[in-house]
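Quick note: the coordinates plus some simple rules give every number you see, no bench work behind them. Just so we're clear, the structure is a prediction, and the values are computed from it rather than from any experiment.
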Amino acid sequence: MIGLDDPTVVLQTCIHGAHIMFDASGSYDPDQNELYYTWSFPWRSDSHRIAREREVPVGQHTVELTVSDWEFEDTASVVVEVIATDPDTWTNPCQ
């Protein structure tokens, strides 16, 4: 349901090799209600954490985040592509 006071979801990623941090900490509710997070990964779904670090297999994957205040919700998705490379060449842009 779309409403004026829907929570706003902000989905960020930080890639480090095949380990990716999915971060919803920029999400907010204009009414300052408590938010609930549901992550949907192609290989599993889980809930309730504002950030999730996952080992992502090689390939292209769509990850979806739904943020809810139990009255309204908002959803965002991101496409992540993991390409097999030499681990010695990886850098950590998360720092």
Going by amide H atoms built from the backbone, whose H comes under 5 Å of the H on His19, apart from near neighbours?
Val56
Project the alpha carbons of segment 12-80 onto their principal axes and report the range along each, largest first, in whole Å.
39, 18, 16
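Starting from the Cα-Cα distance between Tyr36 and Ile50, subtract it from 0.36 nm times their residue separation and give me the gain in nm to one decimal.
Stretched fully, the Tyr36-Ile50 segment lengthens by 4.2 nm.
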